[in-house]
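Everything on this sheet refers to the single structure shown next.
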Amino acid sequence: MKTSRRKFIQTSAALASMATVGNLLAKGNAKVTKPLVVSTWNFGVGANAEAWKVLSKNGRALDAVEAGVQVPEGDPKETSVGLGGLPDRDGRVTLDACIMDEQANCGAVACLEHIVHPISVARKVMEKTPHVMLVGDGALQFALANGFKKENLLTEESEKAWKEWLKKAEYKPIANIENHDTIGMIALDANQNLSGACTTSGMAYKIHGRVGDSPIIGAGLFVDNEIGAATSTGVGEEVIRICGSHLVVELMRQGNSPQQACELAVKRIVKNQPKKSKEIQVGFLAISKNGEVGAYALQKGFTYAVYSNEIPNTIFNAKSFY
Ligand code: SD4
């Protein structure tokens with residue numbers, strides 16, 4: 001399973017370097033026709049495939065992104081999202097997620113335990129309450145009242161990894177490794193509407209109660225149906241400091257391409273925290289209303305997956321500052 005996935009990724013990467021649109025995309029200046037879905041990291045491929053089922057039938061971007069990110073959420077082998085996510089330093093799996101549609105409707109949950117699909121709880125917050133965000137036990141009670149099942153999210157493997165970590169208990173986020181990533185997905189549907197979703201178990205072995213950028217509208221995700229959408233991954237604190245995804249969309253509003261906007265946002269982080277920026281990873285991924293795609297990261301290694309009529313669900317390497 002793992003090998004075939006890796007092979008698929010390698011093959012896709014090779015195809016990407018051959019495809020014309022792929023080359024343009026990698027340079028950050030390709031336009032694709034709608035529908036379009038993009039998502040962070042290699043596991044974006046599986047998520048995009050699910051989202052594409054909705055988009056290719058002229059479905060809503062909102063439904064596509066929810067269905068898409070549910071894939072890594074429900075996969076116990078993905079240790080950075082949903083079921084099987086690495087726990088906090090007390091051994092508790094706490095999840096963060098948010099969702100936003102084309103009318104600026106949005107919902108979020110933070111520090112939610114025991115629910116496999118926090119993105120769907122976030123959507124319920126958006127649709128069933130006058131609020132944007134529910135956290136902790138309140139979010140759990142809301143989920144249970146809305147029919148979600150209480151489950152144990154700590155898999156044997158994640159528990160083992162946590163116990164190993166406990167031996168040294170060093171509190172150090174490391175860039176680009178499996179214990180630190182998030183799925184952010186943004187999509188443009190056949191009706192030219194944008195939506196996005198972002199979901200994570202956050203920083204592994206974090207202090208209990210720590211919340212990153214992923215469930216914060218404007219930080220981990222932002223959608224403006226006139227302009228475009230953006231999402232982020234990496235050390236959430238640095239993204240929150242610059243209201244990252246909102247910044248990317250506002251930079252696009254000022255006339256920058258998604259690629260330029262992602263680069264400017266990353267450079268803002270470097271300017272604010274020059275020393276720290278060398279040691280951490282942050283990546284932004286953005287699309288414009290016209291189907292342009294951009295991505296940029298602090299460090300090498302940030303990958304993202306793109307699926308459109310021209311690009312058959314392909315992984316790209318984002319350019320980086322360092
Ligand atoms: C967080 N941004 O909780 C998330 C984690 C992540 O790559 O994306 N890591 O800060």
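Eight or more residues apart or on different chains, and alpha-carbon atoms under 29 Å: count the Lys pairs in the range 130-232 matching that.
So the count works out to 14.
Quote the charge dipole size of the range 130-237 about the Cα centre in Debye, to the nearest 20; the model charges only the Cβ of Lys and Arg (+1) and of Asp and Glu (-1).
On the way: 9 positive and 14 negative charges, 91 e Å.
The calculation lands at about 440 debye.
With N denoting the number of residues in the range 184-322, provide Rg(C-alpha) divided by 2.2 N^0.38 Å, to two decimal places. Please report the intermediate quantities before stating the final value.
On the way: Rg = 14.1 Å, N = 139, 2.2 N^0.38 = 14.3 Å.
Ratio of Rg to 2.2 N^0.38 Å for the range 184-322: 0.99.
Between E151 and K300, with labels modelled 7 Å along Cα→Cβ, what's the label distance in nm to one decimal, could you check?
A separation of 3.8 nm, rounded to one decimal place.
Can you give me the pair-distance distribution of the range 32-100, C-alpha pairs, 10 Å bins, whole percents?
21, 46, 24, 8, 1
Of M100, V282, G46, which is farthest on the positive side of the dipole of the chain, counting Cα position, with +1 on Lys and Arg Cβ, -1 on Asp and Glu Cβ, and the Cα centre as origin?
V282
Can you list the lysines whose alpha carbon sits under 17 Å from that of K267, skipping same-chain ones fewer than 8 residues off?
Straight-line reach from K267, under 17 Å: K275, K276, K278, K300, K319.
Enumerate the aspartates and glutamates that K57 could reach by cross-link, defined here as Cα to Cα under 13 Å, with residues fewer than 8 away along the same chain left out.
D189
In what order do H208, H246 fall by count of nearby beta-carbon atoms within 10 Å, going from fewest to most? It would help to have the intermediate numbers written out before the result.
Numbers: H208 13, H246 19.
Least to most surrounded, the residues fall as H208, H246.
Among G228, H131, A64, which residue has its Cα furthest toward the positive end of the charge dipole of the chain, with +1 on Lys/Arg Cβ and -1 on Asp/Glu Cβ?
In the chain, that residue is G228.
Stokes-Einstein diffusion coefficient for the range 96-170 at 37 °C in a medium of 0.692 mPa s, Rh from the Kirkwood formula over Cα pairs: what value in µm²/s?
Values: Rh = 13.4 Å.
Calculated translational D: 245 µm²/s.
Using only the alpha-carbon atoms, what does the chain span along each of its principal axes? Please give whole angstrom values in decreasing order.
Projected onto its principal axes, the Cα set of the chain covers 48, 42, 41 Å.
Taking Cα pairs under 8 Å and at least six residues apart, what relative contact order does the chain come out at, in percent?
23
Would you list which aspartates and glutamates come within 18 Å of K124, measuring only between C-alpha atoms, while excluding same-chain residues fewer than 8 positions from it?
Output for K124: D63, E66, E73, D96, D101, E102, E113, D137.
Suppose every Lys and Arg Cβ carries +1 and every Asp and Glu Cβ carries -1, with no other charges. What dipole size does the range 33-144 come out with about its Cα centre, to the nearest 20 debye? Provide the component values of the computation, followed by the final result.
Details: 10 positive and 14 negative charges, 62 e Å.
Dipole size: approximately 300 debye.
Readers should treat all values here as calculations from the given coordinates under stated rules, not as data from a laboratory. Since we're looking at a predicted model, the values are computed, not measured. Glycine gets a Cβ as well: all are built from the backbone with ideal geometry, and neighbour counts include every protein chain shown.
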